[in-house]
1. I'd like the FRET efficiency for E239 and D418, computed as 1/(1 + (r/R0)^6) with the beta carbon distance as r and R0 of 51 Å, rounded to 0.05.
2. At A262 and E43, where each label point lies 7 Å from the Cα along Cα→Cβ, what is the point-to-point distance in nanometres?
3. Compute the angle between helix 388-406 and the longest alpha-carbon principal axis of the chain, please, reported from 0 to 90 degrees and rounded to the nearest 10.
4. Let's test the formula: R0 of 35 Å, r as the Cβ-Cβ distance of A72 and A397. What FRET efficiency results, to the nearest 0.05?
5. Kindly express, to the nearest 10 degrees and within the range 0 to 90, the angle between helix 59-72's C-alpha long axis and the longest C-alpha principal axis of the chain.
6. Quote to one decimal, in nm, the extra length available between N155 and D333 on full extension: 0.36 nm per residue of separation minus the C-alpha distance between them.
7. Using 7 Å Cα-to-Cβ label points, what is the S114/D101 separation (nm, one decimal)?
8. In the chain, what percentage of the DSSP-assigned beta bridges are antiparallel, given to the nearest 5?
Amino acid sequence: MKHIMSFGILASTVLAFASPVLAQTVFVSTQLRPIEEATVVREELLKDIGPVDYVVEEPPQFAVRIEAERQAGKHTVSLVGALHGELSPLADKDTLEPLDDLAKKLATSGMPQSLLDLGKLGKSTQQYIPWMQATYVMAAKKEALQYLPDGADVNALNYDQLIEWGKNMQEATGQPQIGFPAGPKGLMARYFQGYFYPSFTGGVVRTFQSADAAAGWEKLKALWAYVTPNSTSYDFMQEPLAAGEVMVAWDHIARLKNAISAAPDDYVVFPAPAGPKGRGYMPVVAGLAIPKGAPDKAGAEKIIEHLSMPETQLLTASKVGFFPTLNVKLPPDLDAGVALLAGAVTATQASKDAVISLLPVGLGDKGGEFNKVYMDSFQRIVLQNEPVADVLKAQGATMAKLMADTKAACWAPDAKSDGPCPVE
């Protein structure tokens with residue numbers, strides 16, 4: 001699976017409503033939702049492609065909208081852009097048009113077969129075309145490197161070294177210098193699902209309330225002593241990094257890009273730390289799909305082909321920090337910040353102790369509830385200092401019910417399950 005992140009950047013989302021005046025192709029996306037990113041999509045990535053109504057949608061509302069159109073048999077959406085795990089339930093309900101001809105064409109253009117196979121979502125036909133990819137990394141101001149523990153390699157950190165680094169920075173500056181995006185719209189839940197839990201337990205669901213998980217939470221409490229309390233208000237770490245509020249941060253590459261691109265000589269970018277079970281990381285693949293009954297299938301196919309062209313994929317990387325799904329060489333004049341991010345992605349993939357954690361699959365419109373289990377556990381254990389065992393028992397019961405209700409089978413790194421993924 002390490003090939004999934006080749007030049008990683010995944011990315012962006014679009015949602016749209018049909019216009020009574022122009023025959024627009026409605027493109028609904030859960031990716032590239034922030035206004036700056038959506039503006040890039042509308043004004044640059046989709047420039048000259050024809051009338052396209054690009055509308056962004058939060059994942060829960062996206063699932064509800066597509067299902068409502070399917071049940072009503074009245075379709076306004078011709079193209080969807082969403083994450084692998086958000087498209088999977090649509091494929092399970094047989095609501096996506098097969099895209100085999102497009103897939104064959106893109107295979108000859110340099111899209112890896114392994115990525116295209118991922119877009120089959122376990123079916124015999126192509127369900128989506130891989131659009132862009134990304135992951136999460138850590139970034140630090142170069143001035144922070146002087147406080148690294150003796151013998152620590154920034155590209156191969158473990159949690160004990162990160163804790164010691166945080167302690168050294170705080171003692172030297174008088175302030176906590178590590179930040180996480182634990183705000184209302186931050187992606188902290190992905191930290192737990194793709195990084196913290198795989199690194200400490202080797203799983204995500206099965207191991208949720210294990211002894212390994214309890215030990216991991218104790219370690220996170222130790223780290224949090226050196227994390228700025230303002231983290232609970234941070235949604236994007238590029239802003240506090242650029243403002244000098246923190247020197248070290250973890251976040252999605254697209255949410256670090258602006259700070260690093262503005263001052264690439266000031267930063268180093270590197271993989272997240274390893275725990276006892278390895279170095280957890282989450283490759284993020286976004287795809288493009290056409291719902292059955294789409295009012296403008298031809299227009300949707302035209303947009304997919306356009307967004308899959310090498311020049312468009314490289315423009316996407318340069319502008320929003322999601323990497324190509326095509327095997328294209330990043331140009332030497334590429335934005336220096338994006339090049340730094342790409343290097344960290346490569347270092348993460350190449351880590352000998354990498355533990356890949358896929359995005360959740362099969363949760364349907366319950367993805368928000370799944371995230372909430374981790375965030376509630378974090379708030380109770382780390383922020384409110386409740387007993388770890390008590391919290392994990394209570395939240396584990398919530399998790400078990402959620403998996404039973406959705407009937408979601410296990411996904412990597414958890415071992416496969418015949419039925420709903422169990423909380424062991």
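The values are calculated or read from the model by the stated rules, or taken from the named source; none is laboratory data. Nothing here was measured: the structure is a model prediction, and the numbers come from that model. With ideal geometry, Cβ positions are generated from the backbone for all residues, glycine too; neighbour counts draw on all protein chains shown. Accessible surface areas use protein heavy atoms only, side chains included; no ligands, DNA or RNA. Shrake-Rupley method; radii C 1.70, N 1.55, O 1.52, S 1.80 Å.
1. Numbers: r = 45 Å, r/R0 = 0.89.
E between E239 and D418, to the nearest 0.05, is 0.65.
2. Spacing of the two 7 Å Cα→Cβ label points: 1.8 nm.
3. Long axis of 388-406 versus the principal axis of the chain: about 10 degrees.
4. Numbers: r = 36 Å, r/R0 = 1.04.
Once the sixth-power term is evaluated, E becomes 0.45.
5. Tilt of helix 59-72: around 30 degrees.
6. Details: separation 178, 0.36 × 178 = 64.08 nm, distance 2.44 nm.
Taking 0.36 nm per residue and subtracting the Cα distance, the gain is 61.6 nm.
7. 3.0 nm
8. Numbers: 21 of 36 bridges.
Around 60 percent antiparallel, to the nearest 5.
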